[in-house]
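One structure is given below, encoded as C-alpha cells.
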Amino acid sequence: MPKAFTIDLGATTAKCAFFENMKIKQTFIFKTINKDKILENIAVEAFKIAKENNINMNELDFIGIAVCGIVDNKTGTVIYSTNLGWKNYPAKKELMKLFNNKNVYVLNDAKSAAYGEWAISLKGKPDSMALFTLGTGVGGGAIFDRKLVFGDNTGLPSEPGHGGGFQSECQCSCGLIGCIEPVSSATGIERKLREIGSKSTGPLGKIYSQLNGDIHIIDIADLVKNGDKEVIKIFENSLEPLAKCISVLIHFFDLSMIVIGGGPSNLGEPLIQIIKEKLKNYVLPDFYSRITIRTAQLGNMVGAWGVYKYGIDNLITKK
C-alpha cells in the first residue's frame, strides 16, 4: 500500500501525517499563524521529523494536501483562501518542488473530509452522501455514484454555506443574501450563545459570566446533553437554515446520508436530533423516513485521511 505525506492546512495549524499501509506512522502539528512561506516551513519540519523517525522521503509515493480554500483540482491551484491569504497560489507546483515528488494531490479541505468519511469511516458505503463541516464557515463535499463530486461547470463545489436565501438574520461577508454560513457555522452558533448568554439568568448566563463572555460550544456541551431549554433553542434556531439547505439536496439528489462534521459534531446525538427535528418541517415523509443523518467519525485527522485515500485511489487509477 502506498506511502505518503499529507497536510491538512488550516488557518491556525497544519495537521501533518506520514502514512504507510493504510496506517498513520507519524504525525505532527505545525502552527500556521505566520502565513509567510507556509509550505516551505512545513517541508523543513517534515524532513526533520522523517529523519528522526527513519522515514525515507524518497520512498514516498505521493504528497497530499487539503486546503481551507477554493481549489482547482485539475491544476492543483488554490484559487482563493481568505484564511491563508492565497490567491491563485500554485500549491501543487510548490509541493512538487519542495518534496521532489511528481505525484501531488490538492483538495479543498471539506472535499477531503467528505472523501475520508466515505472511504475510510463508512468503507465506501453508501453510494451517495453529503458532508457539511460546521467551523469558521460552512464547507462541504459530496459523493455521488461512488465518486467525489467536482462538478461539471467550475469544478469548484465545496461552498454549501453560501447562497440560497435560507435566512434573513445576518448578512454574510461574501455579499450574498441569506447564506447559512453566518448563522449555522460554529462561529455563528457561538456568536448567538454570547449574545443570549450576556442577558441570560439561567445556566448559560452563569457560564457566560464565569468565562467573561469568551464562550465556545465546548463550554456548553453539558447543557446540550442535559437538554437545557435556552441553549437547545439557540441551536434549533441556528441550525434551521442548515436544515433548509439539506432538504433541497435530499429532494433533488435523493442522497442516502448526510454527515455533519466540525466542532459542533462533537455534541453527538443531541445535535443530530435537533437537525432531524428541523428536517421534518422541510422534507417529504418518503424521503425523511429513509435518510440517515450522522456525525463525522474521523476527528481531527479526517482531512489527512481523505487526501491520503484519494491519492491512493488516483495512483491506482493512473496505473
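The values are calculated or read from the model by the stated rules, or taken from the named source; none is laboratory data. Since the model is a prediction, treat every value here as computed from it, not as a measurement. Note: ideal-geometry Cβ built from the backbone for every residue, glycine included; neighbour counts use all protein chains shown.
The single condition from (1) in contact with a helix residue (DSSP H, G or I) (Cβ under 8 Å, 6 or more places away or on another chain); (2) assigned to a loop (DSSP other than H, G, I, E, B); (3) at pLDDT 95 or above; (4) not hydrophobic (A, V, I, L, M, F, W, C) that THR201 fails is (1).
Here GLY76 fits the description: closer than 30 Å to CYS174 by Cβ, among the small types (Gly, Ala, Ser), surrounded by 15 or more Cβ atoms within 10 Å (Cβ to Cβ) and modelled with pLDDT of 90 or more. Scanning region 129-139 for residues that are on the phi < 0 side of the Ramachandran plot, among the hydroxyl-bearing types (Ser, Thr, Tyr) and part of a strand (DSSP E or B) turns up at least one hit. Only one of the listed residues (LEU134, LEU39, LEU98) is within 26 Å of GLN171 (Cβ to Cβ) and crowded, with 16+ Cβ neighbours inside 10 Å. That residue is LEU134.
Residues in region 101-127 that are polar (S, T, N, Q), buried (at least 24 other Cβ atoms within 10 Å of the Cβ) and not in a helix (DSSP H, G or I): ASN108 only. Per the listing GLY161, GLY165, GLY141, GLY178, the residue uniquely within 23 Å of THR6 (Cα to Cα) and not assigned by TED's automatic domain parsing to the domain that holds ASP8 is GLY141.
Within region 65-81, identify whether any single residue is aromatic (Phe, Trp, Tyr) and closer than 30 Å to ILE258 by Cα, and answer yes or no. Yes, the conditions are met somewhere in region 65-81. The residue that is surrounded by the most Cβ atoms within 10 Å (Cβ to Cβ), counting only those in region 158-181 that are hydroxyl-bearing (Ser, Thr, Tyr) and modelled with pLDDT under 90, is SER158.
Any residue at all in region 14-32 that's in contact (Cβ under 8 Å) with a residue 24 or more places away in the chain, of a type in the set (Ser, Thr, Tyr) and closer than 12 Å to ALA304 by Cβ? Yes, there is a match, as at least one residue in region 14-32 is in contact (Cβ under 8 Å) with a residue 24 or more places away in the chain, of a type in the set (Ser, Thr, Tyr) and closer than 12 Å to ALA304 by Cβ.
Taken over region 270-284, residues that are closer than 13 Å to GLU240 by Cβ and either of a type in the set (Gly, Ala, Ser) or in a helix (DSSP H, G or I) (or both) amount to 6.
Residue under question is ASP219, and the condition is that it be part of a loop (DSSP other than H, G, I, E, B) and either outside the structural domain of ILE63 (by TED's automatic domain parsing) or among the aromatic types (Phe, Trp, Tyr) (or both); does it hold? Spelling it out, it is not the case that ASP219 is part of a loop (DSSP other than H, G, I, E, B) and either outside the structural domain of ILE63 (by TED's automatic domain parsing) or among the aromatic types (Phe, Trp, Tyr) (or both). Taking the criterion of being in contact (Cβ under 8 Å) with a residue 60 or more places away in the chain, over 19 Å from LYS225 (Cα atoms) and among the β-branched types (Val, Ile, Thr), the only residue of region 156-211 that qualifies is ILE180.
You will find that of PHE287, PHE235, the residue that is at pLDDT 95 or above and under 21 Å from the mean Cα position of the chain (by Cα) is PHE235 and no other.
Consider ALA14 against the criteria (1) buried (at least 19 other Cβ atoms within 10 Å of the Cβ); (2) among the aliphatic types (A, V, I, L, M); (3) under 25 Å from LYS123 (Cβ atoms): it satisfies all of them except one. Which criterion is unmet? Only one criterion in (1) buried (at least 19 other Cβ atoms within 10 Å of the Cβ); (2) among the aliphatic types (A, V, I, L, M); (3) under 25 Å from LYS123 (Cβ atoms) is unmet by ALA14, namely (3). Would you check if GLY151 is under 17 Å from the mean Cα position of the chain (by Cα), farther than 16 Å from LEU239 by Cα and not assigned by TED's automatic domain parsing to the domain that holds GLY311? For GLY151, the condition - under 17 Å from the mean Cα position of the chain (by Cα), farther than 16 Å from LEU239 by Cα and not assigned by TED's automatic domain parsing to the domain that holds GLY311 - is not met. Would you check which residues across region 76-94 are in a loop (DSSP other than H, G, I, E, B) and under 17 Å from ASN34 (Cα atoms) and list them? Selection gives THR82, ASN83, LEU84, GLY85. In region 19-36, the qualifying residues are those that are out of contact with any strand residue (DSSP E or B) (no Cβ under 6 Å at 6 or more places or on another chain) and surrounded by 11 or more Cβ atoms within 10 Å (Cβ to Cβ), and the one that is farthest from LYS92 (Cα to Cα) is MET22. Just a yes or no: is a residue in region 249-262 of a type in the set (A, V, I, L, M, F, W, C), in contact with a Gly (Cβ under 8 Å, 6 or more places away or on another chain), closer than 18 Å to THR292 by Cβ and surrounded by fewer than 21 Cβ atoms within 10 Å (Cβ to Cβ)? There is no residue in region 249-262 that is of a type in the set (A, V, I, L, M, F, W, C), in contact with a Gly (Cβ under 8 Å, 6 or more places away or on another chain), closer than 18 Å to THR292 by Cβ and surrounded by fewer than 21 Cβ atoms within 10 Å (Cβ to Cβ).
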